[in-house]
Amino acid sequence: MFYRFIVRLMITLCSVAALHVGAASLEAQVKDCEGCHGPDGVSQCPDMPTIAGVSIASHEEAMFAYLDGLRPCEKSDYRHGDTSRAATDMCTVAKALSEDDIAALAEYFADKKFVAMKQTTDAGKAKAGEAVHEAECKLCHSDGGSNPEDDAGILAGQPMGYLKKAFKEYRSETREQPKKMKSKIDALSDEDIDALVHFYASQQ
């Protein structure tokens, strides 16, 4: 973990230079990301997270987790652009990127506007989920999970299918998480998690 911290610090300091030196390749890499995550990183699909507006630190942390095999890497078809390309996964994508590439992409998408997905949620469950969030989650995920400055990702307005999948991965311990988060997740009931999904998904 200390090594990953040092590497992230180094590539963050170099990120501005990377954006200019590798402008042509960055454009191609952005289009590749948008092929799954949507135009400007705003998801159009229920199982795909929006990466627009996510903080640089959070984006880089996720990419290094894929590199280290600390997140599941399911195959996914391309949804936009050249959809005839063979399915890929995030581990494969991460391995094809240099440290400078990761830094440049993280900075690029952090500068884009997060747009909440319009989706149908259960108002009663969302209200119950808000209570669970306030009791268990708000210290790390402030403003209802919408604040990128927490460096904990953005939960509010993410696609419901993605939120369900992420919680499932945390519950099964196939996705890296801080110890304090694991203890919180373990203490939640299935009903609590379902309510949280509806709460986060309901926010616009």
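Here are the numbers for the structure shown:
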quantity: Phi-based couplings in Hz for region 72-82 (Karplus 6.51, -1.76, 1.60; Gly and Pro marked x); calculated: x, 10, 7, 5, 9, 6, 6, 9, 9, x, 7
quantity: At most 14 other Cβ within 10 Å, DSSP loop - trypsin sites (Lys or Arg not before Pro), region 24-79; calculated: Lys75
quantity: Cα-based Kirkwood hydrodynamic radius, region 30-125, one decimal, Å; calculated: 14.1 Å
quantity: Contour excess over end-to-end distance, with Cα ends at Lys75 and Gln204 and 0.36 nm allotted per residue; calculated: 43.5 nm
quantity: Cα-based Rg / Dmax (Å) for the chain; calculated: 16.8, 51
quantity: C-alpha center-to-center spacing [region 33-74, region 121-199] in angstrom; calculated: 17 Å
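Where a number appears in this text, it was derived from the coordinates with a stated rule and is not lab data. This is a predicted model, so every value here is computed, not measured. Cβ: placed from backbone, ideal geometry, glycine included. Neighbour counts: every protein chain shown.
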